[in-house]
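The values are calculated or read from the model by the stated rules, or taken from the named source; none is laboratory data. Treat the numbers as computed from the prediction; the structure is a model and nothing was measured. FYI the Cβ positions are ideal-geometry reconstructions off the backbone, even for glycines, and counts take in every protein chain you see.
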Amino acid sequence: MRPTITQAAGERTAFLTDSTLCIGCKACEVACKEWNGIEADGLDLTGFSYDNTKALGHSTWRHVKFVEGLPEPGIGGNDPGMVSWEFSSDVCKHCEVARCLEACPTGALVRTEFGGVFLQPDICNGCAYCVVACPFGVVQKNEQDGRAFKCTFCTDRQKAGMEPACAKACPTQSIKFGLLDELKQEADERMQVLRDRGMHDATLYDPVETSVKGIHSMFILRGEPETYNLPPNPEVPTIYLKDGWKSAAFEAVAMVAAVATSFLLWRRSS
Amino acid sequence: MAGVEAGTDFEGRLEEMRREAYLKGRVDSTGARPAGSPMPVASPHEGYYRQPLLKEPQWTPLVPLYFFVGGASGSLGVIGSLADVFSGEKELAQKARLMSFVGVAISSTLLILDLGRPSRFLNMLRVFKPQSPMSVGSWVLAGFGASSAVANAADFIEAEWGEGTLAAQLRNLGRVGCVVFGMPFHNYTGVLIGASVIPVWNRRIRSLPREFGMSGLQSAVGLLELTGETDSNALNLLGLVSAAFEAWEGAELLRNHDPSLLPAKRGPSGILVQLAGALSGPVPIALRIASLFTREKKTLRRIAAVCGVAGSILMRYGWVRAGSVSARDWRIPLEIEPSASAATRLEERQTSRLERARQ
């Protein structure tokens, strides 16, 4: 039995996705699609590993990555002749400083009471600016529908006191759901357990030191985050705004000055 | 990583590993891949099967066109508001005002048609978010459109009922609005794409607003010249100034050897950006200077105008396309460089983690 999460108002929740426990069953992908009524991705064979979903997108809010690596004798008890195989279920990071939310000109993207980032489909007008705002490449516009979509953090389920569908469906508790602060502690404990067992390549992915200021979906990985298509130093594009507007203001003043000066120089004396 | 790829020197790699084991007492790096296996791997050097991390911009081709029309319209609004104040160019100013209004009407249409849900375009005006250039832009577009409409209403009233206080007051109101909103309207699109996660855009965050703004001014000058204003020396000077600026920006881009700027230099997107740079920089400079010394003054200025306008359009298409190319490059956001320094940094990180783990 899983402990039930009792939430007080305003308490922030999170995912901790532990790839050392993931068996790659894709139950989270299926549960997510079923609960949220998302369309199928279609059958598209990639030719690399057994991952035919490739990436998160408008119709994929959970994505199980199949990380096949070189044979690594002695690591995780792999047969030295076999490729090493890891799985990790990816999801929207629900950033503390979420650029998609900041960039949205309609206010369709909002912060929920659980700390997640929620896209209101009844407000979104499909301007697609959030697509180029996400440092994790999560948000995508559905060209047929016209609107952008991403993980809802199962806000509807959370409001009803339930855990998100993916966490509920996970058979190995690789996807843990709980209060952010408790999960951070749990992640540290788990990392210690893994180290004690000799799994020295285990890493906790939680970029609190970057301008993203932390995420609501932490990951325990093996090896470098790059292998899992996770940016080692994700940056919120907000950091570029100041330089951009400064330069725009400078140019605008120069333009007006140039127009005024040019016409002053050739004043028509009529 | 010599010897790791399938079909390469397998025995040689084994030798290396034996030597490493002999010298250090352990082998840290990965072993050799089974020969003959074509399986791609996920690794800190290959990323996740070289799958792109970032999403490509999903704008339709109407958006670069919107960038162009908006840039020209904003600059025309400023010219239309100032030309008759600072000189007697009444007709030129009136023409610029009218063209700027047509421009703002076209650009609003383009923006709305690009939306996934065009019927919801007014949702843009339900909030104002200073931290979102898209939101700021929507309000600037609305403000500029209103100001331009007021200025043109004044011109219409004057044409129908003659000069009066109402027309004068309205024109002054429109004039102020067109300058205030025209300033951000002609260059905010540079901030819009610069403040994104697309590497080729955000590495140029300082220059994109300047480049787009001056390009907008040049296309405004070009459009006025193409509609008959080839006598104005002021316009020729403005054309020269903006072209000189574009030439400087183009040279500055070529001097910058940041590998993430390659989409703006090579490949189809690079050709577009570079062609746009030539058409809005050196070519119009040469033509405009030559026009001062020849009898074919008007023809040369018209050619310069066509080049400037074409360069301005191509520039927006080139940069947006470069953005798509840049988004597909998995290396940049994952900080995987083909250089040795990146590999060293990675190794350092791995070693320090191992040491921390051992403590």
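Take B:Gly137 and tell me if it is within 11 Å of chain A (Cβ to nearest Cβ) and either among the hydroxyl-bearing types (Ser, Thr, Tyr) or touching a strand residue (DSSP E or B) at 6+ places or on another chain (Cβ under 7 Å) (or both). Steps first, answer last, please.
Values: within 11 Å of chain A (Cβ to nearest Cβ): yes; either among the hydroxyl-bearing types (Ser, Thr, Tyr) or touching a strand residue (DSSP E or B) at 6+ places or on another chain (Cβ under 7 Å) (or both): no.
Answer is no for this residue.
With the requirement that a residue be more than 7 Å from chain B (Cβ to nearest Cβ) and assigned to a helix (DSSP H, G or I), what does the range A:229-249 give you? Matches in the range A:229-249: A:Ile239, A:Lys242, A:Lys246, A:Ala249. Here B:Cys178 passes the criteria (1) under 21 Å from B:Val63 (Cα atoms); (2) modelled with pLDDT of 95 or more; (3) not β-branched (Val, Ile, Thr) except the one numbered (1). Of all the listed residues (A:Val110, A:Val131, A:Val117, A:Val193), the sole one being in contact with a Phe, Trp or Tyr (Cβ under 6 Å, 6 or more places away or on another chain) and either of a type in the set (Val, Ile, Thr) or within 10 Å of another protein chain (Cβ to nearest Cβ) (or both) is A:Val110. Are any of the residues in the range B:175-197 more than 30 Å from B:Arg255 (Cβ to Cβ), away from every other protein chain (no Cβ under 11 Å) and not hydrophobic (A, V, I, L, M, F, W, C)? Yes, the range B:175-197 has at least one match.
The residues of the range B:15-40 that are modelled with pLDDT of 75 or more and either of a type outside the set (A, V, I, L, M) or out of contact with any Ser or Thr (no Cβ under 9 Å at 6 or more places or on another chain) (or both), listed by number, are B:Glu15, B:Glu16, B:Arg18, B:Arg19, B:Glu20, B:Ala21, B:Tyr22, B:Leu23, B:Lys24, B:Gly25. Checking the stated criteria, B:Leu53 turns out to be within 12 Å of chain A (Cβ to nearest Cβ) and either surrounded by 24 or more Cβ atoms within 10 Å (Cβ to Cβ) or assigned to a helix (DSSP H, G or I) (or both). B:Leu235 fulfils the conditions (1) within 21 Å of the chain's Cα centre (by Cα); (2) assigned to a helix (DSSP H, G or I) except for a single criterion, (1). For A:Glu226, the stated conditions hold: it is assigned to a helix (DSSP H, G or I), within 13 Å of chain B (Cβ to nearest Cβ) and not small (Gly, Ala, Ser).
The residues in the range A:251-266 that are more than 18 Å from B:Leu224 (Cβ to Cβ), facing chain B (nearest Cβ under 7 Å) and not acidic (Asp, Glu) can be counted, and the count is 1. Whether a residue is surrounded by fewer than 24 Cβ atoms within 10 Å (Cβ to Cβ) and at pLDDT 95 or above was assessed, and B:Val127 passes this test.
Counting residues that are surrounded by fewer than 16 Cβ atoms within 10 Å (Cβ to Cβ) and not small (Gly, Ala, Ser), which helices (runs of 4 or more DSSP H) fully inside the range A:144-214 reach at least 1?
Values: elements: A:155-159, A:165-169, A:180-196.
Per the criteria, A:155-159, A:180-196.
Looking only at the range B:247-265, which residues are under 17 Å from B:Pro282 (Cβ atoms), touching a helix residue (DSSP H, G or I) at 6+ places or on another chain (Cβ under 8 Å) and away from every other protein chain (no Cβ under 12 Å)? If you could, list the steps in order and put the result at the bottom.
Within the range B:247-265, the subset under 17 Å from B:Pro282 (Cβ atoms) is B:247-255, B:265.
With the extra rule that they be touching a helix residue (DSSP H, G or I) at 6+ places or on another chain (Cβ under 8 Å), the set shrinks to B:247, B:249-250, B:252-253, B:265.
Hits for the range B:247-265 are B:Ala247, B:Gly250, B:Glu252, B:Leu253, B:Lys265.
With respect to the conditions (1) more than 14 Å from every other protein chain (Cβ to nearest Cβ); (2) under 16 Å from the mean Cα position of the chain (by Cα), A:Ala165 lacks only one, and its number is (2). Among the residues making up the range A:111-125, those that are surrounded by fewer than 18 Cβ atoms within 10 Å (Cβ to Cβ) and under 14 Å from A:Asp156 (Cβ atoms) are A:Thr112, A:Glu113, A:Gln120, A:Pro121, A:Asp122.
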